[in-house]
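A short write-up of the structure that comes next.
The values are calculated or read from the model by the stated rules, or taken from the named source; none is laboratory data. Since the model is a prediction, treat every value here as computed from it, not as a measurement. Backbone-built Cβ (ideal geometry, glycine too); neighbour counts: all protein chains shown. These area figures cover heavy atoms from the full protein model, side chains too; ligands, DNA and RNA do not enter into them. Shrake-Rupley method; radii C 1.70, N 1.55, O 1.52, S 1.80 Å.
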Amino acid sequence: MRIVIADDAVLLREGLVRLLTESGHQVVAAVGDGDALVGAVVEHQPDVSIVDVRMPPSHTDEGLRAAVEARRLVPRTPILVLSQYVEVSYADDLLATTGGSGGGIGYLLKDRVAAIDEFLDALRRVAAGGTVLDPEVVGQLFARRRRDDPLRELTPREREVLALMAEGRSNTAIARALVVSDGAVEKHVRNIFTKLTLPPDTEQHRRVLAVLTYLRN
């Protein structure tokens, strides 16, 4: 894959460059601020970009805002955001950029980079157009559930399936995690779409909409 990295921490940035290069990928740009990220995405049109949430000058949400701008200028460009802490509002803003346009989105805590195989797998899934969320992010977003819960019609098993969907898992991976058949998972997914009144559309688009509903409630 052709990859752009945006992180102002030189050690982490160079560590990612080395890890990805040794894994057979090409890092086409490694930058340290949001403006440079946007420029690199526009210039190189990478397969995926890895972006730190907090970058200069204020070290608040520059990375996230740059990621949103990059997706505006290069629609569907896959973005994997890394954060030191769970920033619930940032994760919600990032997920909102999916809309109906698709394009891979991921939000992981930086600690996950140490689990190299899992990190590289997440990167591949985002590059392929999937949605990958850190389990801790999923948990905190779920904790913000409103009293008027559109998920109230879901059975406990359907909620389990939807939670695993929110982590970016395929139907086959969900079946393995729950020790059920692929057919059972497919039935649960169809029920979820029906109960959330998601109209017929492409499978990936409906999955994204279902996950967004789950995370926002």
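For the chain, what does -39500 (n - 2.57) per DSSP helix run (n ≥ 4), summed and divided by total residues, give at 222 nm, in deg cm²/dmol to the nearest 500? Write out the running numbers ahead of the final one.
Numbers: 10 runs with 111 residues, N = 217.
Value at 222 nm, helices only: -15500 deg cm²/dmol.
Ordered by packing density, taken as the mean number of other Cβ atoms within 10 Å over each peptide's residues, highest first, how do 119-126, 184-191 rank?
Details: 119-126: 20.2, 184-191: 17.2.
Going from most to least packed, we get 119-126, 184-191.
Please work out how much length the chain gains when fully extended from E22 to R72, using 0.36 nm per residue of separation minus the C-alpha to C-alpha distance, in nm with one decimal.
On the way: separation 50, 0.36 × 50 = 18.00 nm, distance 3.12 nm.
Extra length from E22 to R72 when fully extended: 14.9 nm.
So what is log10(I(q)/I(0)) for the chain at q = 0.12, 0.13, 0.16 1/Å, when the Debye sum runs over its Cα atoms only?
Treating every Cα as an identical point scatterer, log10 I(q)/I(0) equals -0.61, -0.72, -1.04.
Going by amide H atoms built from the backbone, whose H comes under 5 Å of the H on L109, apart from near neighbours?
Here S83, D134 satisfy the definition.
Please report, in debye to the nearest 20, how large the charge dipole of the chain is about its Cα centre when each Lys and Arg carries +1 at its beta carbon and each Asp and Glu carries -1 there.
Numbers: 27 positive and 31 negative charges, 173 e Å.
Roughly 840 debye, rounded to the nearest 20.
Positive end of the dipole of the range 1-57, charges at C-beta (+1 Lys, Arg; -1 Asp, Glu), about the Cα centre: which of P57, H44, L19 has its Cα farthest in that direction?
Result: L19, furthest along the dipole toward the positive end.
Identify, among H188, L73, L108, the residue whose Cα sits farthest towards the positive end of the charge dipole of the chain, taking +1 on the Cβ of Lys and Arg and -1 on the Cβ of Asp and Glu, with the dipole about the Cα centre.
H188
What order, most packed first, do the peptides 206-212, 104-110 have when packing is the mean number of other Cβ atoms within 10 Å of each residue? Could the numbers behind the result be given before it?
On the way: 206-212: 20.6, 104-110: 23.1.
Ranking, from highest mean packing down: 104-110, 206-212.
Hull surface divided by four, with the convex hull built on the Cα atoms of the range 152-194: how many nm²? It would help to have the intermediate numbers written out before the result.
On the way: hull surface 10.7 nm².
Computed as one quarter of the Cα hull surface, the answer is 2.7 nm².
Hey, what's the chain come to in accessible area per residue, 1.4 Å probe, Å²? Don't skip to the end; give the middle numbers.
Values: 10260 Å² over 217 residues.
That works out to 47 Å² for each residue.
Pull up all non-local amide H partners of G129: gap of 5 or more, or a different chain, and H-to-H distance under 5 Å with H placed in the peptide plane.
G104
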